[in-house]
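Heads up, the thing below is written out as C-alpha cells.
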Amino acid sequence: MWMHGMCAGIEFNGQPIRWADQHPILPVLMRDGSVEWCQWGRPGVAWTTSTPSGGLLPLEDIRARKWARFHPKPVKIPARAFLLLDSEDKEHWINIADGFVIQGAAISSPQMIGHKVEPRPRVYIITIPATDDLARHSPRMPRLIKNSNA
C-alpha cells in the first residue's frame, strides 16, 4: 500500500525506510541521544481498539483530540530526508535541514511477546499541510521540529 501524496518514507544513516517495506520500522531519538527502533504505525486498513491503521497522523486531528483515546506521546524521528510520492508515483526525496527532526507520535499497543502480552509502541509520523514549495508534490508533509538534543 503506497501513500500517494503523502510521506512514504524516510532516510536514516543513508538507508531508505519505506512504508511499503515488509515490516517498516522507524528510528526514535531517545533523551540520552540513543536510537530505539519502533514499528511504523499499523499497516493495512483494519482498525483495532488499540491503535489506528496507517502510518500518519494529521496534526489537526491530534489538536482536535481525535486520537486522545490512544494516548499519543510525542517522539522525535531522526532523518536526513523524507520521501513524498506524487499522484503519479514519482518519488521526491526532500532533505531535512541540520538540527531538525520529524515529529512523531508513539501509541502503545498490546502485543504478544513470548507467552505474555506487553505494551509495545507503534510510531506514527505527524503530518501538516505541505509548504508552498512542496505542495506540487503532495498536499501534506511531515511536521519538522527543532531537535533540542542537538
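The values are calculated or read from the model by the stated rules, or taken from the named source; none is laboratory data. Keep in mind it's a predicted model, so treat the numbers as computed, not measured. As a convention, Cβ positions derive from the backbone with ideal geometry for all residues, glycine included, and neighbour counts pool all protein chains shown.
Note on the stretch 84-97: residues that are modelled with pLDDT of 95 or more and of a type outside the set (Phe, Trp, Tyr) total 4. Taking the conditions (1) out of contact with any helix residue (DSSP H, G or I) (no Cβ under 9 Å at 6 or more places or on another chain); (2) among the polar types (S, T, N, Q); (3) at pLDDT below 90 in turn, Thr51 satisfies each one other than (1). Residue check: Pro43 meets all listed conditions (1) within 24 Å of Trp93 (Cα to Cα); (2) at pLDDT 90 or above; (3) of a type outside the set (Gly, Ala, Ser) but one, namely (2).
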